[in-house]
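Presented below is the structure to which this report refers.
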Amino acid sequence: MTAQYFRGCFMRFLFGAVRVATALIAASVCAAGTAWGSATVASEGGSIVLHDGGKSLRLTQGHTDREPVLSPDGRLVVFTRSQPADEMQDCEASAKNGAGLWAVEVASGKARQLAAARTSQKPEEQLCVFSEKQFSSDGKRLYFSTPAWATSGAVWVYDFTRAKASYLVA
């Protein structure tokens, strides 16, 4: 067994531990509830829609928006915006097609791009796909994963107070 093999095993273990941590964060967010009560968000026909009780509010329209998550306070929805030709795990296609991490304010409907997709040979610089999004319990940070190596992904965090995405671990 080589050192590289053990490093790969350790990184998979570490990434798994980060997933457990984000699952625990999700459980605390769900237990705390949101300003929207039992609100849910969904991607419908490429648009982001907020559902609360019998009411629905379309937050985006005419795009290829997917994988939305509602902030703990219910004021913000973060989602991945891609183009129709964008493949789920193809970082090069994501960067060429203008994919990115976006947020929309529930009250105003104002959308803004948080991070644009980019490719790199270094996992700590490659940013694309934006999957497994999860807010911190205070809503100040958003954790998400991106592809890194063939055997594991990288975990990033978007800090809303600094308006910056940062690499955490691969």
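Quick notes on this structure:
- Greater than 22 Å apart at Cα, pairs in Lys110/Lys133; Lys55/Lys164; Lys55/Lys110; Lys140/Lys164: Lys55/Lys164
- Using alpha carbons only: equivalent-ellipsoid semi-axes of segment 100-166, gyration tensor based, whole Å: 23, 13, 10
- Ignoring lysines fewer than eight residues from Lys96 along the same chain, the ones with Cα atoms less than 20 angstrom from its Cα are Lys122.
- Sites Arg118 and Ser38 - FRET efficiency at Förster radius 30 Å, r taken between beta-carbons, to 0.05: 0.20
- If you look at the Cα atoms of segment 53-170, you get an Rg and a Dmax of 14.1, 47 Å.
- In the context of the full set of protein chains, segment 39-170 has a per residue accessible area of 48 Å² (1.4 Å probe).
The values are calculated or read from the model by the stated rules, or taken from the named source; none is laboratory data. Remember, it's a predicted structure, so these values are computed and weren't measured experimentally. Quick reminder, even Gly has a Cβ in these numbers, built from the backbone with ideal geometry, and neighbours come from all protein chains shown. These accessible areas exclude ligands, DNA and RNA; they are computed on the full protein's heavy atoms, side chains included. Shrake-Rupley method; radii C 1.70, N 1.55, O 1.52, S 1.80 Å.
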